[in-house]
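One structure is given below, encoded as structure tokens.
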Amino acid sequence: MKITLGAVSRPLESLKIKTGDWGTEYPVIIEENCKGCGDCVVYCPDLCIELVEVGKDEKGKVRKVAKVNYDYCKGCGTCSVVCKHEAIKMEIKELYRG
Amino acid sequence: MMKVVRGFYAVAYSVKLCRPDVICAYPITPQSEIVENIAQMYANGELGNCEYITAESEFGAASILVGASATGARTYTATCSQGLILMSEVLWNAAGMRLPIVLTIANRSLSAPLSIWNDHQDSMAMRDAGIIQMYVENNQEVHDMMPQAFKIAENHKVMLPMMVCMDGYKLTHAYEPVDLLNQEMVDEFLPPYDPPVKMTTKDPYTFGSYATPASYMEFRAAVYNAMERSKKIIEDVYKEWAEVSGRNWGGHIVAENCEDADVCVMAMGSLVGLVREVVKELRGEGKKVGFIKIRTFRPFPAEEIAKAVDNCQKIIVFERSLSMGSDAPVTLDVKSAIHKKAIDVYSPVVGLGGRDVPHKLVKSTIEEVIENKAKPGTYFKGLKDYEEVIV
Amino acid sequence: MKLFGSGHGACPGCGLPIAVKSVLEGTGPCFVANATGCLEIISSQYGKSAWGVPYIHSVFENSAAVAAGIEAALKALGRKDEGPVVVFAGDGATADIGIGCLSGMFDRGHDILYVCLDNEAYQNTGNQQSGLTPPGSNTTTTPSGKVLPGKIKPKKDMVSIALAHKAVYVATASVAYPRDITRKAKRALEFEGPKYLQIHSVCVTGWGVDGKQAIPVAKLAVETALYPLVEYENGQLVRVKKIKDRKPVEEYLKLQRRFRHLFKHPKGKEVIAELQKIADENAKKYGLDA
Ligand code: SF4
Ligand code: SF4
């Protein structure tokens, strides 16, 4: 095996670790409610929400909504709690449904 | 340029010529004068862009150097005794992180009881850390060793911290004539530090990762193997130094008159001069005695020693420290080096905590072994009769 | 390049990554020295680093000194323009075992932003009390029992300790307000010299908080005045987060397992009163009531 001098690691290799299977729940973005405020983005502890463009609004301004990268989402629910616009609801994963 | 200087100045002056980037230390007797002299040079603006930092403890000093070394700086500190063992957590860490920090150790005993005087207990306590250790016999040797230490530690095949050990007071405070090096020669010998990897925002590596059982063992083996590899590199640097400076201090060991010796006597540090002199006298009296100066202690020059003592029946190791519950540290290594040979090893422990080691004591200790009046093993010499009472 | 990435090993709902990414948002590319602890363990496993900035972990108690070494090296090597130097250390690493190195860093005036991630106990090793554990907290080394109601002494006042060292910028923040963390980190870097930012960070496992409750709990710490958010520049208090309708401390305590015993313990009332007194004093000292 290859090892580095003094156990130096390369940057951002954590991205290999898909933590998406940790949780029992997952967030669902309700796009029509999402105002693109970005609150969920700044709070998400797993850095797995970003705002993505979804066309234009009535005034012709670019409309952005939250999008979850489920590869890393641990289902903590923080995003659903901090969203002031009821745009995120938590669902139980199929596997854990009773 | 020949000048009569004190040991601490011989070190400070030599360190300056090595152009370190970051120096950080904490005062401790009898090391303080080394960094005091460096501080004066810094105050005088003689250290170029070097940052000289007064730490809040030896622990802090070593930690500061870890950060500086990882960032790509040539780093230096000096310490001893309590200060060295206070650093020990960080120094083990620095060795594992493969940071080539160079230290001068002004060897001093360990508490309790508190003693500011010399023996080798402090550096021996660091024996297993992954730090290269070498011991000098006089102030010219320590002056010559500082550039060599940087060159050895910073070699990409080594990348380990290195300690140059000099006896506290006996050398640090002694006036001796020293042929002071000049900048051109040191610059020629010691190129600027070229870190194989460093902390930079341009290439943001993670230093000091933790390892699971899946890789921890390989990293520790890598430190062990780097230490093994350093044997050859140290020898090469010693040789190169002899060529450029004209002063040949020898290799890992210096063996004198051992080929036909029945008894080989070993010593390290400032005791070397006296023991060598006594052995010469005994030779003059027709005794078949040889002498071995051990320079490098880690990595231990086991093969060199085994070869040098090939023809002898007895070995005497003058020990300056103890390993409680076993043989003294140097003896342990010597015994393991000669384990295939039927040689008795005598380990007189002398001069702990600055106890005087007179000529007479060294001579009679060796004579007792020659005359079969001593038993192999670890024993004290120059010890008073004592009885332990509660108060 | 991202400065801190997904795939780290923090518990779901952990406050630490929120604090870290918010700080880095404010500082931009920087040099990070990290103490042993939760953050180090979740982010720096060999071959799985979550860091996109140059990062170093040495030992538990020396990150302030390691950072000082980085800063000195950057100066000596003429590389100061590469970025600022930031420390991330836990509450125990800051207020207990590493306080000597921190004091030295302050005292020598290194140009470093020191961030204390305050989750109020040694959480990495299983919720043992630290100097920043609040009174009444049930930790594994200050458990509540028939006689004792959990931790006895108040939190060590690190803000005053930093101010006494003449740190140029001293502030507290909370993971409840990530944008405030970012602003403070950015603001801190406008000052040259040692800066101290202490961020209250929820530990869902150690505190016994449901992941979804992490942010509401953190908010309550601020809204009860148990965790006042204050900002000092050059020793002067310049900003505080005002509180509208300050809430009683019980509201904060009752959501956490670590304080649950206080509602049954014979000395519980006394401890709750003591915590309320701390909150009241904070409110008065900093003029928190809006
Ligand atoms: S999901 Fe909610 S918090 Fe996230 S951007 Fe949309 S409105 Fe804001
Ligand atoms: S559930 Fe948690 S991890 Fe998943 S997107 Fe929301 S905040 Fe991020």
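The values are calculated or read from the model by the stated rules, or taken from the named source; none is laboratory data. Nothing here was measured: the structure is a model prediction, and the numbers come from that model. Glycine also receives a Cβ, built like all others from the backbone with ideal geometry; neighbour counts cover every protein chain displayed. Just the protein is used for accessible areas: all its heavy atoms, side chains included, with ligands, DNA and RNA removed. Shrake-Rupley method; radii C 1.70, N 1.55, O 1.52, S 1.80 Å.
The set of residues in region B:339-368 that are within 12 Å of B:Val275 (Cβ to Cβ) and among the polar types (S, T, N, Q) contains only B:Thr365. The requirement of being within 15 Å of ligand 2 (Cβ to nearest atom), away from chain C (no Cβ under 14 Å) and more than 15 Å from C:Ala214 (Cβ to Cβ) is satisfied by A:Leu51.
Could you tell me whether B:Ser69 is crowded, with 24+ Cβ neighbours inside 10 Å and more than 7 Å from chain C (Cβ to nearest Cβ)? The answer is yes for B:Ser69.
Considering every residue within region C:187-195, establish whether at least one is within 24 Å of A:Asp39 (Cα to Cα) and over 15 Å from the mean Cα position of the chain (by Cα). Scanning region C:187-195, I find at least one residue that is within 24 Å of A:Asp39 (Cα to Cα) and over 15 Å from the mean Cα position of the chain (by Cα), so the answer is yes. Per the listing C:Val20, C:Val86, C:Val66, the residue uniquely out of contact with any Cys (no Cβ under 8 Å at 6 or more places or on another chain) and within 24 Å of B:Gly96 (Cβ to Cβ) is C:Val66.
Out of C:Val217, C:Val175, one residue alone is touching a residue at least 40 places away in the same chain (Cβ under 8 Å), open to solvent by less than 10 Å² (accessible area, probe 1.4 Å) and in contact with a Leu (Cβ under 9 Å, 6 or more places away or on another chain). It is C:Val175. In region A:57-81, the residue that is farthest from ligand 2 (Cβ to nearest atom) out of those that are crowded, with 22+ Cβ neighbours inside 10 Å and within 14 Å of chain C (Cβ to nearest Cβ) is A:Tyr72.
A search for C-beta distances below 8 Å between a residue of region B:202-223 that is farther than 17 Å from B:Leu99 by Cβ and any residue that is acidic (Asp, Glu), counting only pairs 6+ apart in sequence or on different chains, returns B:Lys202/C:Glu82. Checked against the criteria, A:Tyr72 does not count as touching a residue at least 60 places away in the same chain (Cβ under 8 Å) and more than 7 Å from ligand 1 (Cβ to nearest atom). Considered as a group, the residues in region A:24-38 that are surrounded by 19 or more Cβ atoms within 10 Å (Cβ to Cβ) and within 14 Å of chain C (Cβ to nearest Cβ) include one that is farthest from ligand 1 (Cβ to nearest atom), and that residue is A:Glu25. When A:Thr78, A:Thr19 are checked against the criterion of being at pLDDT 95 or above, more than 16 Å from ligand 1 (Cβ to nearest atom) and among the β-branched types (Val, Ile, Thr), A:Thr19 stands alone in meeting it. All told, B:Asn118 falls short of being in the same structural domain as B:Pro30 (by TED's automatic domain parsing), crowded, with 24+ Cβ neighbours inside 10 Å and in contact with a His (Cβ under 8 Å, 6 or more places away or on another chain). Scanning region C:196-247 for residues that are more than 14 Å from chain A (Cβ to nearest Cβ) and in a helix (DSSP H, G or I) returns C:Gly206, C:Trp207, C:Ala221, C:Val222, C:Glu223.
A count restricted to region A:46-56 and to residues that are open to solvent by less than 60 Å² (accessible area, probe 1.4 Å) and on the phi < 0 side of the Ramachandran plot stands at 6. Restricting attention to region A:11-23, the residues that are farther than 15 Å from A:Thr78 by Cβ and within 11 Å of chain C (Cβ to nearest Cβ) add up to 9.
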